[in-house]
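Here is the structure we will look at.
What follows draws every value from the coordinates through simple rules; no lab data is involved. It should be emphasised that the depicted structure is a prediction, and the values quoted were computed from it without experimental measurement. Counting neighbours? That spans all protein chains shown, and the Cβs are built from the backbone with ideal geometry, glycine included.
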Amino acid sequence: MTQQKTHRNLVLIIIIMLITSILVAAASVGGTLWYVKSYHGDGGGNLRLPFSQPQNIDPIFHPLEKLVLSVKGERQTHFIMMELALETRRPEAIEGIDNYMPVVRNSLLKLFSNKTYEQLQNDRTIDELQDEVKSTLLEAFDKTRYAHAIDNVLLTKYVIQ
């Protein structure tokens with residue numbers, strides 16, 4: 001009789017554990033969904049995770065502040081004036097990216113401090129320079145939450161004098 005009672009208690013404990021596990025899992029999923037929904041301030045039911053990229057959204061091109069940098073030449077210092085635009089499909093990140101303009105300026109200053117006027121005039125194409133600027137900015141944003149918001153970096157104006 002005690003063996004039958006022990007077996008019944010064991011089955012009852014297993015059933016209680018299963019029900020508890022199901023309730024905890026459901027509460028975790030519900031809490032996560034509520035948090036993500038409130039994080040985006042979306043009351044319309046369009047649930048989008050912070051790390052997911054929305055599909056079928058046309059890119060937005062956001063111009064950054066004009067940059068004027070100096071580069072060394074053989075006989076004198078030269079100046080570069082650049083205008084950049086960021087391509088993004090996450091317009092909500094633009095304000096945050098704008099707040100990082102000091103990081104952008106610093107990164108480009110470091111990049112061009114190692115260049116000379118002759119290097120920039122000779123073997124460089126705009127595509128190569130644009131790729132270098134893009135990788136520099138993506139590296140600068142690498143440790144921020146905006147790193148994945150930048151799809152491309154475009155040189156929209158480049159003057160070296």
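To the nearest ten degrees, helix 2-39 and the longest principal axis of the Cα atoms of the chain are 30 degrees apart. Computed from point charges on the beta carbon alone (+1 for Lys and Arg, -1 for Asp and Glu), the dipole magnitude for the chain about its Cα centre is near 860 Debye.
Loop exposure criterion: GluC sites (Glu not before Pro), DSSP state outside H, G, I, E and B, at most 13 other Cβ atoms within 10 Å. Applied to the chain, the longest stretch between such sites is 75-161. In this structure the amide hydrogen of L64, modeled in the peptide plane, comes within under 5 Å of the amide hydrogens of L84, A85, L86, none closer than 5 places in sequence on its chain. For the range 97-106, 3J(HN,Hα) computed residue by residue from phi via the Karplus equation (6.51, -1.76, 1.60; θ = phi - 60°) reads 5, 4, 5, 9, 4, x, 5, 4, 4, 4 Hz, glycine and proline entered as x. The loop-placed trypsin sites (Lys or Arg not before Pro) in the range 81-161, going by DSSP, that have at most 12 neighbouring Cβ atoms within 10 Å of their Cβ come out as K143, R145. Between the listed residues T116, H78, V29, the Cα displaced farthest toward the positive end of the dipole of the chain, a dipole computed from Cβ unit charges relative to the Cα centre, is found at V29. Using bins 5 angstrom wide from zero, how does P(r) for the chain break down, in % of all Cα pairs? Percent of pairs per bin, in order: 1, 7, 12, 14, 11, 9, 7, 6, 5, 5, 4, 4, 3, 3, 2, 2, 1, 1, 1, 0, 0. A simple spin-label model places the labels of I126 and N99 3.4 nm from each other, with each point 7 Å out along Cα-to-Cβ.
In order along the range 127-137, the Karplus-derived 3J(HN,Hα) couplings, from 6.51 cos²θ - 1.76 cosθ + 1.60 at θ = phi - 60°, round to 4, 5, 5, 4, 5, 5, 5, 4, 5, 5, 5 Hz, and Gly and Pro are given as x.
For the range 60-160, lysine pairs separated by 8 or more sequence positions, or belonging to different chains, with Cα-Cα distances below 16 Å total 7.
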